[in-house]
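Before any comments, here is the structure.
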Amino acid sequence: MLRVLCLLAACEAVLLLDTGMLFPRESSSRELKELNGLWAFRADRSPNRNRGFEEAWYQSRLVETGPVIDMPVPASYNDITQDATLRDFVGWVWYEREVMIPAHWIKDGGARVVLRVGSAHYHSIVWVNGVKVMEHEGGHLPFEADINSVLQQNSTMPCRITIAVDNTLTLHTLPTGNIQYMNDTTRYPVGYFVQTVTFDFFNYAGIDRSVLLYTTPKTYVDDITVVTDFSGNTGFVRYNVSVGGAATSNVRVTLIDKEGHPMTSSSKLSGVLTVADVKLWWPYLMHENPGYMYSMEVRLKADGKGSSFEDVYTLPVGIRTVKVTSTQFLINNKPFYFHGINKHEDSDIRGRGLDLPLIIKDFNLMKWLGANSLRTSHYPYAEEFMQLCDSYGIVVIDESPAAGIVDFESFGNISLAHHLDVMDELVRRDKNHPSVVMWSIANEPFSVLPQSVYYLKTVIQHTKALDPTRPVTYTTYLDVDKDLGAPYVDVICLNTYFAWYFDSGQLEVIPFQVKTQHESWYKKYKKPIIQTEYGADAVAGLHFDPPVMFSEEFQRDFMQQYHQVFDKEMKNFLIGELVWTFSDFMTNQIFYRVAGNRKGIFTRQRQPKAAAFLLKERYWKLANEAGKLGH
Ligand code: GCB
């Protein structure tokens, strides 16, 4: 469990975790070697999925343990082959590759050599040359270890990296699931079991993000935390640098503008940098220069050492503030209305695997649409994606992987402790992104249960203690009198599907029900509301007029019914609308899903449906009416 420190400076409290998870960047002191490409791969198909451990597959080359196949990294493994049993596999899979380590990385004690996995789903164990170096529970977040000592002990080349990944979800994982054993041998084969889940997306698994090695000097910049503010034309960057590997050190912190001019600097590990004529970070469409980022260069020397021991790390920094009132969400003291999207990391073949062409396509589609915001439904997205949100000015509600906690058991202490750890990891990774304006601790927990109150309150308070500068929320689909956690959130986030799951097809009830629901929430809590989900499935190319469910016309008209109410409420307490959802995505097979969830306004291949054109018109109109930019 990570230790939490409180650093009080001026009016703000900044909380820091004791180990950093800075994004790996090359610099004059840091080298980086990506291990993406083809890895050897083997699923452990033994009945208890444990043969790999019993036979210690990590002790030799994987190919010597049995048949292996090529597996690309990063990518989910599920849709890579023609084998349905691998697509639906539950249990441990094994990845392996060899890598040459540059001699100067280990010579004479060498550098810190860090092995980093961007994310692997769900439970991972990593060995280097047969020596276990780390274990991590949870997908979607990075983990890393200094492997220098292992390389020193066993400098055989090439160096062998083995990663075992188990995708099993239980009542104590996030997201939650359960293994159901089908013991009726008249209906199922002996030993048959299925993975059940409490969420609506395919449980893609494997090494979904980049694996890499990077080096730092032995005394190094371990973490940086920034909190920003401004007054008039003057910006303030309150920062803290934590150092690894030495008790004392010399530091030089310099803030540099986009053109490369040093603006201000300091020789303290923590302090406040003052920026004259500050260029604030603004959301897309709120300013002609959105997403402005400074660079904070940190140069660190261990005391008494020459310049060859200097570590250099540069962090992008956007200066902005966030505040919530009873009716508004303020960015840089100006009201901000979320007109945006929900997403999934999901695509053909790659599953949840990092895919830069797809990510850039999605940002271009968001710009086309006039979307200014998104929620990382229902888990943390790739760091590369978050960096683009910063630089494009896309405002983010950053969600934890706690999707659909429904079971009484899962509100037990084991899950709670894990949930707190996950929030530690998420805040540690994403705290410095100006685009992140709010944390969502969960999607649709079953917050009607009395046991949920302590649980949700504890996670919310923990997250606020980790980061007192951002509001915290979770999304709910429950009615105001059923939901017990709402007193603890800063913003009410509602997911509703009127005329879809209830009153199916009755579009005319939507305005009535949305209005009643929103007003009852506002009346009780006097907190601003975001419609964080609303949407209808449409199979692209299916047309019906008058509309019926699953047609493009129905999806378009469904949205128009919601918009009628939004238009009235945005003058009062409604501070945003995020459509469900950006693009079609894969789910488990079930009778109400048509090869996945079709509520995308784009297909899975990113082609627009009729609703996309409706939303494009609306979002640009909202941006223009807010007195901002034309397109
Ligand atoms: C929801 C969930 C989302 C589902 C969506 C739907 O409330 O938050 O994960 O995909 O509804 O389409 O049912």
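Assorted remarks:
- Considering only alpha-carbon pairs that sit under 8 angstrom and 6 or more positions apart, the relative contact order computed for the chain is 13 percent.
- For the range 140-202: span of alpha carbons on each principal axis (Å, largest first): 56, 27, 18
- Estimated D of the range 235-314 in µm² per second, where Rh is the Kirkwood radius over Cα pairs and Stokes-Einstein applies at 20 °C, 1.002 mPa s: 153 µm²/s
- Rolling a 1.4 Å probe over the protein heavy atoms gives the chain an accessible area of 39 Å² per residue.
- Cα-based values for the range 409-546, radius of gyration first and Dmax second, are 17.3, 53 Å.
- Of the residues His339, His172, ranked by 1.4 Å probe accessible area with the largest first, the sequence reads His172, His339.
- DSSP beta bridges in the range 302-453 [antiparallel fraction, %, rounded to 5]: 35 percent
- FRET efficiency estimate (nearest 0.05) - Cβ-Cβ, Ser265 to Val194, R0 45 angstrom: 0.15
- The ellipsoid equivalent to the alpha-carbon distribution of the range 434-488 has semi-axes of 21, 12, 8 angstrom, derived from the gyration tensor eigenvalues as √(5λ) and listed largest first.
- Whole-number percent relative contact order across the range 507-631, with pairs defined as alpha carbons under 8 Å at least 6 apart: 23 percent
- Here the accessible area is traced with a 1.4 Å probe on the protein chains. For the range 231-315, carbon and sulfur cover 47 percent of it.
- Site pair Asp567 and Gln82 shows an inter-label distance of 5.4 nm when each label is modelled 7 Å from Cα along Cα→Cβ.
- Beta bridges by DSSP in the chain, antiparallel share as percent, to the nearest 5: 75 percent
- Over the chain, the hull volume per residue, using the convex hull of the C-alpha atoms, is 159 Å³.
- Which listed pairs, of Lys568/Lys599; Lys568/Lys616; Lys334/Lys526; Lys334/Lys523; Lys464/Lys526; Lys279/Lys621, have C-alpha distances above 22 Å, in listed order: Lys568/Lys599; Lys334/Lys523; Lys279/Lys621
- Accessible area in the full protein assembly, largest first, 1.4 Å probe, for Asp184, Asp537: Asp184, Asp537
- Compactness relative to 2.2 N^0.38 Å, alpha carbon Rg of the range 93-202: 1.44
- Working from label points 7 Å from Cα in the Cα-to-Cβ sense, the Asp503 to Ala56 distance is 6.6 nm.
- Using a probe radius of 1.4 angstrom, the carbon and sulfur fraction of the accessible surface of the range 502-631 is 58%.
- Once Rg and the Kirkwood radius are both taken over the C-alpha atoms of the range 359-470, their ratio Rg/Rh works out to 1.02.
- Model label zone, Lys457; criterion: amide N under 20 Å from point 7 Å along Cα-to-beta-carbon; scope the range 526-545: 526-527
- Along its first, second and third principal axes, ordered by size, the range 280-430 spans 57, 46, 43 Å in Cα coordinates.
- For the range 283-340: Kirkwood Rh in Å [reciprocal of mean 1/r, alpha carbons]: 14.7 Å
- The range 143-166 versus the range 509-535: alpha-carbon centroid distance in Å: 53 Å
- Electrostatic tally near Thr496: other residues with Cβ closer than 12 Å to its Cβ, Lys and Arg +1, Asp and Glu -1, net -4.
- Between Glu617 and Thr248, the distance separating the two model label sites (each 7 Å from Cα on the Cα→Cβ line) works out to 7.0 nm.
- Rg ratio (alpha-carbon, reference 2.2 N^0.38 Å) - the range 492-623: 1.04
- Those chymotrypsin sites (Phe, Trp or Tyr not before Pro) in the range 524-631 that DSSP places in a loop and that have at most 13 other beta carbons within 10 Å: Phe544, Phe591, Tyr592
- Label-zone membership for the range 549-580, site Thr327, 7 angstrom Cα→C-beta point, backbone N under 11 Å: 570-574
- Across the protein chains, with a 1.4 Å probe defining accessible surface, the residues Ile163, Ile349 rank Ile349, Ile163 from largest area downward.
- Of all accessible heavy-atom area on the range 65-149, the percent that carbon and sulfur account for (1.4 Å): 53 percent
The values are calculated or read from the model by the stated rules, or taken from the named source; none is laboratory data. Predicted model only: the values in this text are computed from it and were never measured. Note: ideal-geometry Cβ built from the backbone for every residue, glycine included; neighbour counts use all protein chains shown. These accessible areas exclude ligands, DNA and RNA; they are computed on the full protein's heavy atoms, side chains included. Shrake-Rupley method; radii C 1.70, N 1.55, O 1.52, S 1.80 Å.
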